[in-house]
Amino acid sequence: MKLFKRILLVLILIIAVIVYLNYPKLNIISGYAAKYMGSSITIGQHSSDYIIKNDLAMPLIEMADTEYDSTTKTAAASVYGLMTRKAINRQGLGSVLVNSDYVEGTPYLQPERNLNQVNLPYPYGHLPAKDSVFENLDYDQLQKAVALPFGNAAVQRTRTLVVLYKGHLIHESYSDGFTKETPVLGWSMTKSVLATCFGILEHQGKIKTEWAAPITEWEKDERKAITINHLLRMQSGLEWNEDYSGISDVTKMLFLESDMTKAQRIQKAIAKPTEIWNYSSGTTNLLSGILRQQFRTHQDYLNFPYEALIDKVGAHSMLIEADLEGNFVGSSYGWANTRDWARLGQLYLNMGEWNGEQLFDESWVDYITTPTVQSQGIYGAHFWLNAEGKFPDVPRDLYSMNGFQGQYVFMIPSKDLVVVRTGLAEEPDFDINGFLANLIKAIK
């Protein structure tokens, strides 16, 4: 009996230690589950059962018990009954995690949208895409290529695919549960959207990327040397840990902070600008805060991405979610259907021109595709690059918007291609090089 008691005591102590060490993580786990559930139902148009079975079936996150109340449009999640988190829906701003300080019914502003339909064929308008045939396309090879992302579905987990060639829709495919109307979370593809807002402001003569970042706290220390350019290139030299496997700067920001623009702002400098390249979602949300500073009112800030970019190109399904303080979460929370993500890619192939209007300067494309020092040629200014041949069988001029779990908008100027692929798996499970190389073979 004494031996049994000793063994039981040891087991209790082990369990206590495990709970103690992992208890803070439960806050992140339940926060992720509640936030994702709320957004995926109200924006992504999926059922709670579908989301639990597919999107939340991932290590650690699957530990959460997640529920959705369709009456109040709130999602709640906990882990073994602990650390319950709740996400509410705000019209026009998406789903957001609330904290103990939140007062239910707190008023908020939302973006004013112009959802006018343009009487032009897709992608430049909202009429059906032209049924175009190109003599220099090998359509048999095209069909072989576009089938590749959907092969071995349990591994590649591709959900949607859209291909534009010379500004024409030449292919689209959707897995079960998705259509051309279904909004998809772009995750870090949203970073490229946020950066584009700075390109537009610069084209309008309202900002310059070489300006010092307008952060009051930095004016009396070494951080005063950080420019907007350094932030756009992720080379500010500020400390940041972009680790999603546990408690880190990025997970605390996304699932604990009410104002996500502060997380990077308070970090110390660990290097001079340009000395290191350090990918940071906190940097993008800091830029979202800097963007907000450019407008006299919060309403003007909320309207700007839509009136100057998103609705301008007819991407009416797009929505960028905001944090509890009303800042766009430019690092991670942009949603749009696959066709609308492709519109943004086509805008870049057009060097900023859309239906006769120049939204940003042609030089902006050169800027965002110029490799950033210390990035080994894989990163420009909030866009990913193939400048040093990371994808050896794909043209070096490829650049892209990339997001967690394999969300991609690829632009290949030399081939006049825009390719959007969304899903739940990235490299190496989804073979980017092989797929794009086979797609390019279809162009004679």
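Assuming 0.36 nm per residue, please report the length gained on full extension of the stretch Arg296 to Gln376 beyond their Cα-Cα distance.
Working: separation 80, 0.36 × 80 = 28.80 nm, distance 3.92 nm.
So the chain would gain 24.9 nm between Arg296 and Gln376.
Just from its helices, what would the mean residue ellipticity at 222 nm be for the chain, if runs of 4 or more DSSP H residues each count -39500 (n - 2.57) and the sum is divided by every residue, rounded to the nearest 500 deg cm²/dmol? Numbers along the way, then the final one.
Working: 13 runs with 141 residues, N = 444.
When only DSSP H runs of four or more count, the value is -9500 deg cm²/dmol.
If you average the alpha carbon positions of the range 359-422 and of the range 112-136, how far apart do those two centres end up, in angstrom?
The range 359-422 and the range 112-136 have Cα centres separated by 24 Å.
Carbon and sulfur: what percent of the chain's accessible surface (1.4 Å probe)? Kindly include the intermediate steps, with their values, before the conclusion.
Details: 10460 of 19900 Å².
Reported share for carbon and sulfur atoms: 53 percent.
How do the peptides 379-389, 298-308 rank, highest first, by the average count of neighbouring beta carbon atoms within 10 Å per residue? Don't jump to the answer; show the numbers that get you there.
Values: 379-389: 21.4, 298-308: 18.4.
Going by the mean number of other Cβ atoms within 10 Å, highest first, we get 379-389, 298-308.
Quick one: which residues, 5 or more positions from Ser317 or on another chain, have an amide H under 5 Å from its amide H? H modelled 1.01 Å from N in the peptide plane, none for Pro or chain starts.
When sequence neighbours closer than 5 places are left aside, the close amide H contacts are Asn337.
Whole-Hz ³J(HN,Hα) for each residue in the range 86-96, computed from phi via Karplus 6.51 cos²θ - 1.76 cosθ + 1.60 with θ = phi - 60°, x for glycine and proline: what do you get?
In residue order, the calculated couplings are 10, 10, 10, 9, 10, 3, x, 10, x, 8, 8 Hz.
Sort all Cα-Cα distances of the chain into consecutive 20 angstrom bins from zero, then give the percent of pairs in each bin up to the one containing the longest distance.
Percent of Cα pairs in each bin: 25, 57, 16, 2, 0.
For Lys268 and Leu137, what is the calculated FRET efficiency with R₀ set at 45 Å and r taken between the beta-carbons, to the nearest 0.05?
Values: r = 54 Å, r/R0 = 1.19.
Step by step, r from the Cβ atoms, then E = 0.25.
So which lysines pass the test for Lys272, namely a Cα distance under 18 Å, with those fewer than 8 places away in the same chain ruled out?
Lys220, Lys224
Mind giving me the nanometre distance, one decimal, between the label points for Ser248 and Lys224, set 7 Å out from Cα along Cα→Cβ?
Between Ser248 and Lys224, the simple spin-label model gives 3.3 nm.
Determine, for each peptide in 233-242, 60-69, the mean count of other beta carbons within 10 angstrom over its residues, then list the peptides with the highest first. Let's see the in-between values first.
Numbers: 233-242: 22.7, 60-69: 17.4.
Listed from highest to lowest mean packing, they are 233-242, 60-69.
How far apart, in nanometres, would the label points at Asp361 and Glu427 be if each is projected 7 angstrom from Cα along the Cα-to-Cβ direction?
Spacing of the two 7 Å Cα→Cβ label points: 3.2 nm.
Any idea of the accessible area per residue across the chain, 1.4 Å probe, to the nearest Å²?
On the way: 19900 Å² over 444 residues.
Using a 1.4 Å probe on heavy atoms only, each residue of the chain averages 45 Å².
Beyond 30 Å between alpha-carbons counts as too far, so tell me which of Lys53/Lys73; Lys53/Lys390; Lys130/Lys441; Lys73/Lys206 fall in that bin.
On the way: Lys53/Lys73 20 Å; Lys53/Lys390 34 Å; Lys130/Lys441 23 Å; Lys73/Lys206 39 Å.
Among Lys53/Lys73; Lys53/Lys390; Lys130/Lys441; Lys73/Lys206, the Cα-Cα distance tops 30 Å for Lys53/Lys390; Lys73/Lys206.
The values are calculated or read from the model by the stated rules, or taken from the named source; none is laboratory data. Source: prediction; values computed, not measured. Cβ: placed from backbone, ideal geometry, glycine included. Neighbour counts: every protein chain shown. Please note that ligands, DNA and RNA were not included when accessible areas were found on the heavy atoms of the full protein model with its side chains. Shrake-Rupley method; radii C 1.70, N 1.55, O 1.52, S 1.80 Å.
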